[in-house]
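Please read the structure below before turning to the comments.
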Amino acid sequence: MYQCQTVIGLTDAAKDPPLSDCVWPADALNTIPDWVYTSRSLYDQEMEKIFRGDTWNFVALEAEVPKVGDYRRSYVGATPVVVARAEDGSVAVFENRCAHRGAEFCRNSHGHAKEFVCPYHQWSYDLKGNLQGVPFKRGVNKQGGMPRDFKNSEHGARQLRVATRNGVVFASYSDSVEPLEEYLTPEIVKEFDTTFTGKKLKVLGYYRNELPCNWKMYHENLKDPYHATLLHSFLVVFGLLVAGNKSTMFADAKHGRHGIMGSAKSEDKYASVSEENKKEMRSFHDGLRLRDERFLDFVREFDSPWSVTMMTIWPNLIVQREMNTLGVRHIVPNGPDSLIMEWTMFGYEDDTPEMERHRLRQGNLMGPAGFLGLEDNEAMKFVQEGVRRSSTGVNHILLDPGTVGTADTLISEAAIRAMYRYYRQVMGLRVQGEAA
Amino acid sequence: MTNAYANRPATVDAARAAQLRADIVTFHAEYCAVLDRGDLEQWPLFFTEDALYRITGRDNAERGLPVGLVYCEGRAMMHDRAVAIARTQMFAPRYAMHLLGQVRVEAEGPAGIVAQTPFLLIQTLVEGPSTLHLAACYHDRFVREGQQLLLAERHVVHDTNILANDLAYPA
């Protein structure tokens, strides 16, 4: 069911405070108050300060708009935008809103056009969102029409700044955000370039789902390596990722807003688990084996110590490099209690047919029906329900005490701590006991 | 637009189509009964050894994009999925109910019987409403092993554009 179909479970009024009441508990690094996920006024402020603030937002892959006139609908935060390949070969991003009466004029998810025409009064826009034509601008029989001083150039669709790197398109509302590479920080750029080498991508298809949870929870989940070996019983049962594997939980050193969760698969198909670790993992079953092991094959195609990485790029992008199944996940926030996830799965143009099929088979791990994806979606839904409806109001992130940012162990919440430290600063949120 | 899933004009005469339809309706009834009662480990038995099973959005299918929410090559992969879901996966308890539309028999030839059947999947969660989870169509190719019909190919192509959270069971 969709979030809007909820029968039982209005958000408790205490969980929907106005901004002025959003004061973080004094032990700020080790706590997350529930209203972070449930306050409508805080959500509105996030749209302004984060998604329309000094950030680069993922909007598309260049492979989706290869030719002049190709376009796709997309989002920056919750705001609908159009991503189009303009006449000069550049990628343009502009709001999907007619400057006249506000109609969302571009209706197809993907397509090809010479211009965009709003169906309501046929105002037309070029591929960069500049207003081209206004019907009856001078009226009929010298009557009516637009004012003499109306200038098309002042009434285009709202245009965003655009940056691309190796086939990935980002957009920003900010004039002051740093250049993309600087925004990402060096280690993130390095991991980014491992997947996006500049080699042409081939889009394999899309998934789209609603997750009935707050958008930040998705970031947290991928900055929470603790859950991976516990929730994901599939990984555990089949010994694919276990607490003893070589792994990393990296948070960018500058802000702590981006992250990389990575692990290295052992050479054996099925990892061995020590007796001591087995006791901690309720879901571990010895002896379960796949009938078709092709699914677990790992073709070593990347220059990286990690066979699996999940990279979180603030504020709206996840880059998935799960062995050989590759994808980007685009977070579209949809109110405090919901997000829409747009998944674009891809390979490379030079993949052999067998490699492409291997990527498709391995795709069973991820997505709304994936062995891992399914469980994440369920868990986050449970958390959102819990924080909306309970009488208590604080989450505790105590693992790996004292560490903020990159962690040396999977049994850590240090990367979440760093993300919220950054978040408090960007949002201008006060901590109890500290001066305003 | 290239549309691999466009229904082609039927090439089976009406009398033969009626016979085949009866067999396929029986097949569907058993298939859906297994899924709707949650007897997942029986599900792969409706397929041939090397069958293809895929669930994908209509936008992918119409644009010739190969990805699947579920993408199983062969009964062994389906078995692995069934075991994983039945024994290892964590998700909230739910009921599934398939409501099938008319079976359309398109063609019969050496490669088997080509047919399409639209369906609605209704999902019910604990304390949740019964909701329309998928509006979809089976695009099938059946073959016979002895007297038994088996699926050599099933593409579940869903119109539903934004899935509600997830899809736990095969459709």
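The values are calculated or read from the model by the stated rules, or taken from the named source; none is laboratory data. Everything numeric here is computed off the predicted structure, so don't read it as measured data. FYI the Cβ positions are ideal-geometry reconstructions off the backbone, even for glycines, and counts take in every protein chain you see. When the accessible area is computed, the model is the full protein with side chains, heavy atoms only, and any ligands, DNA or RNA have been set aside. Shrake-Rupley method; radii C 1.70, N 1.55, O 1.52, S 1.80 Å.
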Restrict the check to the range A:64-74 and report whether at least one residue is open to solvent by less than 10 Å² (accessible area, probe 1.4 Å) and in contact with a Phe, Trp or Tyr (Cβ under 8 Å, 6 or more places away or on another chain).
yes
Hits in the range A:334-354 (condition: within 11 Å of chain B (Cβ to nearest Cβ) and more than 24 Å from the chain's Cα centre (by Cα))
A:Pro353
Which condition number does A:Arg148 fail, the rest of (1) of a type outside the set (Phe, Trp, Tyr); (2) part of a helix (DSSP H, G or I); (3) surrounded by fewer than 16 Cβ atoms within 10 Å (Cβ to Cβ) being met?
(2)
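Kindly indicate whether A:Ala78 is surrounded by fewer than 22 Cβ atoms within 10 Å (Cβ to Cβ), under 22 Å from A:Trp314 (Cβ atoms), modelled with pLDDT of 95 or more and not assigned by TED's automatic domain parsing to the domain that holds A:Ile397.
Answer is yes for this residue.
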Within the range A:200-262, which helices (runs of 4 or more DSSP H) (wholly inside it) include 1 or more residues that are among the charged types (D, E, K, R)?
A:215-221
Does the range A:197-221 hold any residues that are more than 14 Å from chain B (Cβ to nearest Cβ) and either among the charged types (D, E, K, R) or surrounded by fewer than 22 Cβ atoms within 10 Å (Cβ to Cβ) (or both), and which are they?
A:Thr197, A:Gly198, A:Lys199, A:Lys200, A:Lys216, A:Glu220
Would you check if there is a residue in the range B:45-61 being open to solvent by 10 Å² or more (accessible area, probe 1.4 Å), over 13 Å from B:Ala171 (Cα atoms) and touching a Ser or Thr at 6+ places or on another chain (Cβ under 9 Å)?
yes
Pairs under 7 Å by beta carbon, first residue over 17 Å from A:Gly363 (Cβ atoms) in the range B:47-69, partner in a loop (DSSP other than H, G, I, E, B) and open to solvent by less than 10 Å² (accessible area, probe 1.4 Å), six or more apart or different chains?
B:Glu49/B:Gly74; B:Asp50/B:Gly74; B:Ala51/B:Gly74
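Looking only at the range A:359-372, filter to residues that are assigned to a helix (DSSP H, G or I) and more than 7 Å from chain B (Cβ to nearest Cβ); which one of those is nearest to A:Asn214 (Cα to Cα)?
A:Leu365
So that you can scan it fast, the table gives a plain yes or no per residue for (1) surrounded by 22 or more Cβ atoms within 10 Å (Cβ to Cβ); (2) within 17 Å of the chain's Cα centre (by Cα); (3) of a type in the set (Asp, Glu):
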{"site": "A:Glu356", "(1), (2), (3)": "no, no, yes"}
{"site": "A:Glu413", "(1), (2), (3)": "yes, no, yes"}
{"site": "A:Ala418", "(1), (2), (3)": "yes, no, no"}
{"site": "A:Gln425", "(1), (2), (3)": "no, no, no"}
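Look at A:Pro119 and say whether it is farther than 16 Å from A:Glu62 by Cα, open to solvent by 10 Å² or more (accessible area, probe 1.4 Å), assigned by TED's automatic domain parsing to the domain that holds A:Arg158 and not in a loop (DSSP other than H, G, I, E, B).
no
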So how many residues does the range B:49-90 have that are assigned to a strand (DSSP E or B) and in contact with a helix residue (DSSP H, G or I) (Cβ under 7 Å, 6 or more places away or on another chain)?
7
Looking at the range A:175-192, I want the residues that are open to solvent by 20 Å² or more (accessible area, probe 1.4 Å) and have a partner that is of a type in the set (A, V, I, L, M) and assigned to a helix (DSSP H, G or I) with Cβ atoms under 7 Å, at least 6 apart or on another chain. Which pairs are those?
A:Glu181/A:Val189
Taking the condition of being under 17 Å from B:Gln42 (Cα atoms) and among the aromatic types (Phe, Trp, Tyr), how many residues in the range B:59-94 meet it?
0
I'm checking my understanding of the structure. Among residues of the range A:1-24 that are under 30 Å from B:Ser130 (Cβ atoms) and open to solvent by 80 Å² or more (accessible area, probe 1.4 Å), which one is farthest from the other protein chains (Cβ to nearest Cβ)?
A:Ala13
